[in-house]
């Protein structure tokens, strides 16, 4: 199996050039200069949210200290991009490391490296890091500026300083401004679908974000927590033939597509990006009862797959995971159980899956225009006919 940090471990029929038409939207970008204290208060209050797709905080204390020193001295720092979800509520498109460095310095605490993934989860759950965690030495150490000496035997005057020990320089730091470019969709109202393309184009972090990384940021919800739980299940990793989670969340997207086809496949319309965005947006208001049922149904699907060979969902020629086969099989096999809000109670038979994979109508629906509604519906229909079981 190929390493899971590239596109080679799965076989996807969706066209990577399948994008939204951003010219259909009225979008503005307005610069604002917020001072450091205002930025801190925005983060502390939850008005500025650092979304789920962003990396964990990765700067070390030396790099963070250099940013703080630059602000104290009035040196220019790169601008930050924010997306305005609603009045006084923003998502960070680019600038996480800078904003969190400021936040941690004012808190006078610096996160321990081995605890940062856990802190990311805590931050997402609370909109901030609770004070009891900030002051817990298991998670944080004191943040004192770690700066190199400018000349031999001439120590940097800010070296070893904390926020509250800056003296007269504290006011300078508090009032320093950072340029924030605020992106806002003015129309159409009630439809934030352009935000996907804004994230795609305006993230300047040096890494090209994959669709699911952006989607995770935009539509993070309790349903997405269910997807993350499902993605870590050993039986699911066995089906993928890939032990480690994908760095760009392609495995999460595969799960999302299975659920989307099961729940809303009858109303599918191109593009695949737009379809998955709309389904993710819909799931933000989904009840815990529905989320837990979908996880339970998925668990029953994994049980039903126990008798299948480990490579059941791999293309037999190139050994890549066949996304089209999986999403159709999951939707078709679970359709009856889903309608009755039950668990899938019968096993999937290898011969049935092989029959679907080689079915002429199913194969033809993959040859050309694979994301056209007609072809998607054909694949889902054939899977329901061949794999559907009455539960």
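When residues of the stretch 173-203 are filtered for being assigned to a helix (DSSP H, G or I) and either at pLDDT below 80 or surrounded by fewer than 15 Cβ atoms within 10 Å (Cβ to Cβ) (or both), how many remain?
10
With respect to the stated conditions, residue 292 fails to be touching a residue at least 40 places away in the same chain (Cβ under 8 Å), within 24 Å of residue 212 (Cβ to Cβ) and part of a loop (DSSP other than H, G, I, E, B).
For the residues 322, 364, the requirement of being farther than 17 Å from residue 264 by Cα and surrounded by fewer than 16 Cβ atoms within 10 Å (Cβ to Cβ) singles out 364.
Could you check, for the stretch 210-223, whether at least one of its residues is in a helix (DSSP H, G or I), surrounded by fewer than 19 Cβ atoms within 10 Å (Cβ to Cβ) and in contact (Cβ under 8 Å) with a residue 40 or more places away in the chain? Yes - at least one qualifying residue is present in the stretch 210-223.
Being over 28 Å from the mean Cα position of the chain (by Cα) and either in a loop (DSSP other than H, G, I, E, B) or in the same structural domain as residue 255 (by TED's automatic domain parsing) (or both): is that true of residue 344 here? Against the criterion (over 28 Å from the mean Cα position of the chain (by Cα) and either in a loop (DSSP other than H, G, I, E, B) or in the same structural domain as residue 255 (by TED's automatic domain parsing) (or both)), residue 344 qualifies. Per the listing 350, 370, 354, 385, the residue uniquely under 28 Å from the mean Cα position of the chain (by Cα) and either assigned by TED's automatic domain parsing to the domain that holds residue 270 or closer than 22 Å to residue 308 by Cα (or both) is 370.
The values are calculated or read from the model by the stated rules, or taken from the named source; none is laboratory data. This is a predicted model, so every value here is computed, not measured. Quick reminder, even Gly has a Cβ in these numbers, built from the backbone with ideal geometry, and neighbours come from all protein chains shown.
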